[in-house]
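Participant: Sharing a structure here in structure tokens format.
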Amino acid sequence: VIFETSSAAAAALAGEVKALVETRQKEGRQVVLGLATGSTPVPFYRELIRLHREEGLSLRNVVTFNLDEYHGLAPTHPESYFRFMREQLFDHVDIPDENIHLPSGLVAVEEIFDHCHAYEEMIDAAGGIDFQILGIGRTGHIGFNEPGSSRDSLTRRITLDRITRQDAAGDFRGEENVPRFAITMGVGTILRARKIVLMAWGEGKAEVVARAVEGVVTEAVSASFLQEHGDARFVIDAPASREL
Ligand code: GLP
């Protein structure tokens with residue numbers, strides 16, 4: 001789906017989430033959202049905050065699972081995804097704290113396996129992800145599923161690709177400060193979501209969007225696995241559609 005601008009796309013998506021949340025509210029049920037970080041979902045979060053403030057949207061029945069976290073960063077670290085999510089969304093809406101889940105950046109190496117397994121189990125116990133939001137990295141990653149991630153991969157620790165670390169260098173004031181590892185949901189975890197929306201804005205994403213949408217399905221571009229999902233959409237702006 002191609003929108004003229006990212007703000008129009010973000011507004012449409014936020015409206016879709018609002019409708020889902022309010023339908024479930026009437027039924028007395030929760031909604032499980034899978035959330036992403038990076039600059040891409042920011043206009044979407046901003047629009048959710050606006051709907052909360054100006055149109056009475058309550059997110060009290062929302063449960064969230066974030067895709068990933070840098071391994072080695074405390075939740076208080078300025079570049080941690082926990083802090084990002086607080087600043088960009090959680091601090092401004094009424095999602096109960098106990099409904100918010102992110103992988104821990106501080107889990108000890110020997111506990112990673114159990115931690116990741118528990119994360120998968122929490123998603124299952126919540127009933128699975130209803131609506132998964134994604135961005136896309138220049139390596140074609142979703143979450144932090146770098147090239148080589150298998151179709152069936154689950155939540156685990158991965159080594160960040162050089163390109164990914166270069167792209168994050170600005171935020172960390174130098175590539176040498178970017179963590180080398182992250183804990184991420186797997187491709188298999190993501191594909192279990194009932195509905196998936198990948199957002200991409202700007203010409204810088206045009207090439208990777210084309211590879212993911214029109215290229216072969218391959219571990220070399222983990223977003224290409226979305227082609228095999230029954231309800232996955234790429235919601236992009238006009239510049240990101242240039243190579244299609
Ligand atoms: C990071 C995140 C991804 C995100 C990507 C793109 O690698 N782990 O979830 O999609 O960055 O970031 P941006 O949206 O800033 O282009």
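The values are calculated or read from the model by the stated rules, or taken from the named source; none is laboratory data. For clarity, every value in this text was computed on a predicted model and none was experimentally measured. Note that each Cβ is placed from the backbone with ideal geometry, even for glycine, and that neighbours are counted across all protein chains shown.
Participant: Within segment 136-170, which residues are of a type in the set (D, E, K, R), surrounded by 14 or more Cβ atoms within 10 Å (Cβ to Cβ) and either part of a helix (DSSP H, G or I) or near the ligand (Cβ under 10 Å from one of its atoms) (or both)? Working first, answer last.
Facilitator: Kept after step one, since they are of a type in the set (D, E, K, R), are these residues of segment 136-170: 138, 146, 151-152, 156-157, 161-162, 165, 167.
Now drop any that are not surrounded by 14 or more Cβ atoms within 10 Å (Cβ to Cβ), which leaves 138, 146, 151, 156-157, 161, 165, 167.
Within segment 136-170, 138, 146, 161, 165, 167 meet the criteria.
Participant: Let me ask you something else. For segment 141-180, enumerate the residues that are of a type in the set (Lys, Arg) and in contact with a Leu (Cβ under 7 Å, 6 or more places away or on another chain).
Facilitator: Narrowing segment 141-180 to residues of a type in the set (Lys, Arg): 151, 156-157, 162, 165, 173, 180.
Hit for segment 141-180 is 180, nothing else.
Participant: Which condition from (1) surrounded by fewer than 14 Cβ atoms within 10 Å (Cβ to Cβ); (2) of a type in the set (A, V, I, L, M); (3) within 17 Å of residue 41 (Cβ to Cβ) is the one that residue 236 breaks?
Facilitator: Looking at each condition in turn, residue 236 falls short on (1).
Participant: Here's another thing I want to ask about it. Please name all residue pairs, on different chains or six or more residues apart, with Cβ atoms under 6 Å, provided the first residue is in segment 104-120 and is among the aliphatic types (A, V, I, L, M) and the second residue is in a helix (DSSP H, G or I).
Facilitator: 107/115
Participant: Of all residues being β-branched (Val, Ile, Thr) and more than 22 Å from residue 159 (Cβ to Cβ) in segment 109-132, which is nearest to the chain's Cα centre (by Cα)? Just the residue, please.
Facilitator: Of segment 109-132, the ones β-branched (Val, Ile, Thr) are 109, 112, 123, 129.
Checking which are more than 22 Å from residue 159 (Cβ to Cβ) leaves us with 123, 129.
Values: 123: 14, 129: 12 Å.
Of everything passing the filter in segment 109-132, 129 is nearest to the chain's Cα centre (by Cα).
Participant: Can I ask one more? Hey, can you tell me all the residues within segment 1-50 that are farther than 19 Å from residue 81 by Cβ, in a helix (DSSP H, G or I) and of a type in the set (Lys, Arg)?
Facilitator: 18, 24, 26, 50, listed by residue number.
Participant: For residue 7, indicate whether it is in contact with a Pro (Cβ under 6 Å, 6 or more places away or on another chain) and either surrounded by fewer than 21 Cβ atoms within 10 Å (Cβ to Cβ) or over 30 Å from residue 214 (Cα atoms) (or both). Lay out the reasoning, then the answer.
Facilitator: Values: in contact with a Pro (Cβ under 6 Å, 6 or more places away or on another chain): yes; either surrounded by fewer than 21 Cβ atoms within 10 Å (Cβ to Cβ) or over 30 Å from residue 214 (Cα atoms) (or both): yes.
Considered against the rule, which asks whether it is in contact with a Pro (Cβ under 6 Å, 6 or more places away or on another chain) and either surrounded by fewer than 21 Cβ atoms within 10 Å (Cβ to Cβ) or over 30 Å from residue 214 (Cα atoms) (or both), residue 7 comes out as yes.
Participant: How many residues does segment 192-207 hold that are buried (at least 22 other Cβ atoms within 10 Å of the Cβ) and under 14 Å from residue 139 (Cα atoms)?
Facilitator: Of all residues in segment 192-207, those buried (at least 22 other Cβ atoms within 10 Å of the Cβ) come to 193, 196-201, 205.
Narrowing further to those that are under 14 Å from residue 139 (Cα atoms): 200, 205.
Residues that pass the stated criteria total 2.
Participant: Here's another thing I want to ask about it. Do you know which residues across segment 106-134 are acidic (Asp, Glu), more than 13 Å from residue 194 (Cα to Cα) and out of contact with any Ser or Thr (no Cβ under 6 Å at 6 or more places or on another chain)?
Facilitator: Restricting attention to segment 106-134, the residues satisfying the condition of being acidic (Asp, Glu) are 110-111, 114, 120-121, 124, 130.
Imposing the further condition that a residue be more than 13 Å from residue 194 (Cα to Cα) reduces the set to 110-111, 114, 120-121.
Within segment 106-134, 110, 111, 114, 121 qualify.
Participant: In segment 212-222, is there at least one residue being polar (S, T, N, Q), within 25 Å of residue 154 (Cα to Cα) and crowded, with 17+ Cβ neighbours inside 10 Å?
Facilitator: Of all residues in segment 212-222, those polar (S, T, N, Q) come to 218, 222.
After this cut, where a residue has to be within 25 Å of residue 154 (Cα to Cα) as well, the list is 218, 222.
If we keep only those that are crowded, with 17+ Cβ neighbours inside 10 Å as well, we get 222.
Scanning segment 212-222, I find at least one residue that is polar (S, T, N, Q), within 25 Å of residue 154 (Cα to Cα) and crowded, with 17+ Cβ neighbours inside 10 Å, so the answer is yes.
Participant: Here is a follow-up. Residues to consider are 20, 67, 51; find the one that is surrounded by 15 or more Cβ atoms within 10 Å (Cβ to Cβ), modelled with pLDDT of 95 or more and under 17 Å from the mean Cα position of the chain (by Cα).
Facilitator: Details: 20 fails: under 17 Å from the mean Cα position of the chain (by Cα); 51 fails: under 17 Å from the mean Cα position of the chain (by Cα).
Sole residue among the options that is surrounded by 15 or more Cβ atoms within 10 Å (Cβ to Cβ), modelled with pLDDT of 95 or more and under 17 Å from the mean Cα position of the chain (by Cα): 67.
Participant: In addition: So in segment 99-135, with the set limited to residues that are within 16 Å of the ligand (Cβ to nearest atom) and of a type in the set (S, T, N, Q), which one is surrounded by the fewest Cβ atoms within 10 Å (Cβ to Cβ)?
Facilitator: The residue in question is 104.
Participant: Shifting gears a bit: Considering only segment 107-135, how many residues are part of a loop (DSSP other than H, G, I, E, B), touching a strand residue (DSSP E or B) at 6+ places or on another chain (Cβ under 9 Å) and over 30 Å from residue 52 (Cβ atoms)? Don't jump to the end; show me each part of the working.
Facilitator: Going through segment 107-135, the residues part of a loop (DSSP other than H, G, I, E, B) turn out to be 107-108, 126-130, 135.
Subset that is touching a strand residue (DSSP E or B) at 6+ places or on another chain (Cβ under 9 Å): 107, 126-130, 135.
Filter once more, so that each one left must be over 30 Å from residue 52 (Cβ atoms): 107.
Going through segment 107-135 one residue at a time, the tally reaches 1.
Participant: Additional query: Across segment 75-89, what is the number of residues that are in contact (Cβ under 8 Å) with a residue 24 or more places away in the chain and closer than 21 Å to residue 129 by Cβ?
Facilitator: Taking segment 75-89 first, the residues in contact (Cβ under 8 Å) with a residue 24 or more places away in the chain are 75, 77, 79-81, 84-85, 88-89.
Then drop every residue that is not closer than 21 Å to residue 129 by Cβ, which leaves 81, 84-85, 88-89.
Qualifying residue count, segment 75-89: 5.
Participant: Of everything in segment 64-74 that's more than 13 Å from residue 193 (Cβ to Cβ) and touching a residue at least 60 places away in the same chain (Cβ under 8 Å), which residue is farthest from the ligand (Cβ to nearest atom)?
Facilitator: Within segment 64-74, the match that is farthest from the ligand (Cβ to nearest atom) is 72.
Participant: Could you say whether any residue in segment 51-66 is outside any loop (DSSP other than H, G, I, E, B), within 19 Å of residue 143 (Cα to Cα) and not hydrophobic (A, V, I, L, M, F, W, C)?
Facilitator: Residues of segment 51-66 that are outside any loop (DSSP other than H, G, I, E, B), as a first pass: 51-54, 62-66.
Within this subset, residues satisfying the condition of being within 19 Å of residue 143 (Cα to Cα) are 63-66.
Right, trim to not hydrophobic (A, V, I, L, M, F, W, C) and you get 64, 66.
Scanning segment 51-66 turns up at least one residue that is outside any loop (DSSP other than H, G, I, E, B), within 19 Å of residue 143 (Cα to Cα) and not hydrophobic (A, V, I, L, M, F, W, C).
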